[in-house]
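Here, each number is a calculation from the coordinates, and none is a lab measurement. Computed from a predicted model, the values in this text were never measured in an experiment. Don't worry about glycine lacking a Cβ; one is built from the backbone with ideal geometry, like all the others, and counts go over all protein chains shown.
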Amino acid sequence: MAEEVLLFGVWGSPFSRRVEMALKLKGVEYKYMEEDITNKSPALLKYNPIHKKIPVLVHNGKPIAESQVILEYIDETWQGYSLLPKDPYQRAVARFWAKFIDDKCLQPVFKACWGEEKDREKAAEEATELLKFLEEELKEKRFFGGESIGMVDIVASIIAFWLGVFEEASGVKLLTTEKFPKLCNWAHEFVSNGVIKENLPPRDKLIAYFRNRFGGANASK
Amino acid sequence: MAEELKVFRTWSSPFALRVVWALQLKGVPFETIYEDLSNKSSLLLQYNPIYKKVPVLVHNGKPLAESLVILEYIEETWKQTPLLPQDPFERATARFWARFGDDKVLPSIWNVFIKQGKEQEEAMVTAQGSLKYLEEELRGKKFFSGEKIGLVDLAFGWIANLVDVFEEVKGVTLIDHENHPLLLAWKQNFMDAPIIKESWPSRDKLITKYHAMLEAYTAKEAAAK
């Protein structure tokens, strides 16, 4: 049966890029549909009526939304490269960290870089405390997934790449080698990986985008 | 090796209840440790240093936190009475709904309960929107997971035992017969299910607890103004 895999995403979104990384690591062929968030396509609204967001993966006509749900689906559907470990406890630990990154880290990291001036310092402190947990979790591992890139690394790509973009665009520095030697090392290894490198958005374009979209609001205060 | 399984919980935590129900449905024996959240045990803090919350599952000395993560672990470790379907797409759909419950439904219903004025009104609009999706999702089904209780039902269990408590304490209506007949039917089926009902938190105790919580919150907000 001819397989049809569609991915609705946005070029700069860490959430749709995660899905692309997973598909590429698994060697899955897919058709990419770039969405304009200010003018969402009828297809996107049909496939994700509840959240109306990207990413959405459509596999043989069946839609899946929510990036981490999609990552698990990809791992279960296509064999070959494993995104999650086999052992149930290790899988649970991986799910825990993936959830930690999205539920806890993202907001303070974003607020530290792009929030109102008065909120930034506190958000930076919070973000630093949270990043410390990730630094500790890495221990002596090359990747969160061990020897090879796994689901946690893919979810953490927002820290490996997008955080650096936020830092350059906003002038806020969170991920220093003094405070986070392991995390910085990991970030470098991660973005240097062949498959990952090819699936990151162009850095300069992304910096300009974030500066434009979020930087102006604070300048006017 | 003798298996050692512990669940750290409180009597009322809806998240811990999910874990309790999952283990009981699968017939897995475990030891319960009740926590006093105003005086957390050193063990809890050791096992869940990041969130410092219940539930925590400790299996042969290895701790896990976050109820949905724990549910998936339970599902993968004890295969009897499956809580998730086999098909990857159906599993993805179940995971989607479990997340929707925690990310969208719960916060909006909580805000209807705890907030006042405009914030409460806005929360009610969001909550009704979310509840409508749940009502639609139940069409043609006895439980969210189909004929039998599954992970999604356990994830939504708090709707069955907390929403009417919120309604009574706050004096609001969230779920009603006109708009949510299927959700009410689901609630009754869920509450009546063997095993589920054996671990049902006392409604009177819940009323007392949430009444006190609402009073304390409201007083704090008033003092802050």
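Numbers below:
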{"quantity": "Top of A:42, A:108, A:55 by mean-square fluctuation, Gaussian network on chain A, Cα under 10 Å", "calculated": "A:42"}
{"quantity": "Region B:67-86-region A:175-217 distance, computed between alpha-carbon centres (Å)", "calculated": "36"}
{"quantity": "Overall Cα dimensions of chain A - principal axes, largest extent first, Å", "calculated": "55, 44, 29"}
{"quantity": "Alpha carbon convex hull of region B:63-155, volume per residue in cubic angstrom", "calculated": "103"}
{"quantity": "For A:161, B:8, B:30, order by how many other beta-carbon atoms lie within 10 Å, fewest first", "calculated": "B:30, A:161, B:8"}
{"quantity": "Estimated distance in nm for a label pair at residue A:139 and residue A:11, the labels positioned 7 Å out from Cα along Cα-to-Cβ", "calculated": "4.2"}
{"quantity": "Placed amide H near residue A:32: partners under 5 Å, 5+ positions off or other chain", "calculated": "A:7"}
{"quantity": "Karplus-derived 3J(HN,Hα), 6.51/-1.76/1.60, for each residue of region A:98-110, Hz, glycine and proline x", "calculated": "4, 5, 4, 4, 6, 6, 10, 7, 4, 4, x, 4, 5"}
{"quantity": "Choice from B:179, B:60, B:161 showing the highest fluctuation, given a GNM over chain B with Cα pairs closer than 10 Å", "calculated": "B:60"}
{"quantity": "Convex hull volume of chain B per residue (C-alpha atoms, cubic angstrom)", "calculated": "137"}
{"quantity": "Neighbourhood charge, 15 Å Cβ-Cβ cut-off, centred on residue B:4 and excluding it, Lys, Arg +1 and Asp, Glu -1", "calculated": "0"}
{"quantity": "Charge context of residue B:115, other residues only, Cβ under 12 angstrom, K/R +1, D/E -1", "calculated": "-2"}
{"quantity": "Rg to Rh, two decimals, where the protein assembly as shown supplies the alpha carbon set and Rh follows Kirkwood", "calculated": "0.95"}
{"quantity": "For residue A:88, net neighbour charge (Lys/Arg +1, Asp/Glu -1) across residues whose Cβ lies under 13 Å away", "calculated": "+1"}
{"quantity": "Proxy reagent accessibility, fewest Cβ within 10 Å first, across A:175, B:17", "calculated": "A:175, B:17"}
{"quantity": "Mean-position separation - Cα centroids, region A:136-153 and region B:120-181, in angstrom", "calculated": "39"}
{"quantity": "Selected from A:133, A:15, A:143 as most flexible by GNM, with chain A as the system and alpha-carbon contacts under 10 Å", "calculated": "A:133"}
{"quantity": "Cα-Cα separations in region A:152-221 greater than 21 Å, expressed as whole percent", "calculated": "30"}
{"quantity": "Region B:80-129 pair-distance distribution - Cα-Cα, 5 Å bins, rounded %", "calculated": "5, 21, 19, 15, 11, 10, 10, 7, 3, 0"}
{"quantity": "Of A:52/B:132; B:104/B:170; B:142/B:187; A:132/A:179; A:26/A:197; B:118/B:225, pairs whose Cα-Cα distance is over 18 Å", "calculated": "B:104/B:170"}
{"quantity": "For region B:107-201, the fraction of alpha-carbon pairs in successive 10 Å shells from zero, as %", "calculated": "16, 48, 30, 6, 0"}
